[in-house]
Amino acid sequence: MTTTTSELATSNLARDTYTVFARAMRMSLRNPAWLVISLMQPVLYILLFGPLLEPLSGQLGAANAYQVFVPGILVQLGIFGALFVGFGLIAEYRAGVIESQRVTPASRTALLLGRVLRDVVVLLVQGTLLVLVAIPLGLRAPLLGVVATLVVIGLLGAAFASVSYALALTLKSEDAFAPLLNAVVLPVLLLSGILLPMTLAPGWLQAVSDVNPLKHVVEGTRSLFDGDYSSGTVWWGLGLTVAMGVAGWWFGVRRFRQESS
């Protein structure tokens, strides 16, 4: 009897998750403009900022600057592309969508999981396009390293999307949500080595950045693009990504359940 109940609960969770995912994906496909706009910034970074790094290839420790730059941009996409999804949830809350879903028997976990899965799919599509854009510019990276990096980006996106939805559900206002994100974005961008490796920074700034887990994630993805799969940098970055994913998911599910109580 216990096994049957467990199987039924799992089946219901999968069904509810797919329903929420399908609805969220349909909304994205009906209005793809925001997908294009969100992709334009990292593409412009690659097209306009990447060539400036070519003379610094030797200092960056790579034969090609794009092997250093593209992994960082992918991590930036995973972080910032997911952090801003909460704005959509605020709009849904104001329109009464969240209230309507809350009174249904749908699993509260599924209400979050379906949305996060949509965000991860979008991030993976955008990340793949970014890699394809960088190849004609000189990017040379092993396929396994690129695929592994996209997996990391998916996990990172799931973590930050969960946090974004939880914060949006807590604040319920763009006027409060936007300043909070802006306060996070700049320090993360500067102290994670996304644009330039922190090895180019002075010693005191490197010491500050060492406490930023995203710095280690960025360094891990750069090692993957170099084909160095067994290095401690890769496993350290992957471990921190998983830890952030678990913490973000716990926070998101907890907030959705509190909202429904």
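None of the figures in this text is laboratory data; all of them are computed from the coordinates on show. Bear in mind the structure is a predicted one, so any value in this text is a computation, not a measurement. For neighbour counting, all protein chains shown are included, and Cβ atoms are generated from backbone atoms with ideal geometry for every residue, glycine included.
One table, with the values for the structure above:
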read-out	value
Mean shadow area of region 123-261, taken as a quarter of the surface of its Cα convex hull (nm²)	9.8 nm²
Cα→Cβ-extended label distance, 7 Å offset, between Val147 and Trp235, nm	2.2 nm
Point-to-point label distance, Val97-Leu13, nm (Cα→Cβ direction, 7 Å offset)	2.4 nm
Residue-averaged 222 nm ellipticity for the chain, from DSSP H runs of 4+ at -39500 (n - 2.57), nearest 500	-26000 deg cm²/dmol
Rounded to whole Å, sorted largest first: equivalent-ellipsoid semi-axes of region 37-184, Cα gyration tensor	35, 16, 11
Cα gyration tensor category, rounded, prolate or oblate, for region 202-247 with a/c compared to 1.5	oblate
Estimated FRET transfer efficiency (Ile135, Trp204; beta-carbon r; R0 45 Å; 0.05)	0.75
Taking N as its residue count, the alpha carbon Rg of the chain over 2.2 N^0.38 Å	1.06
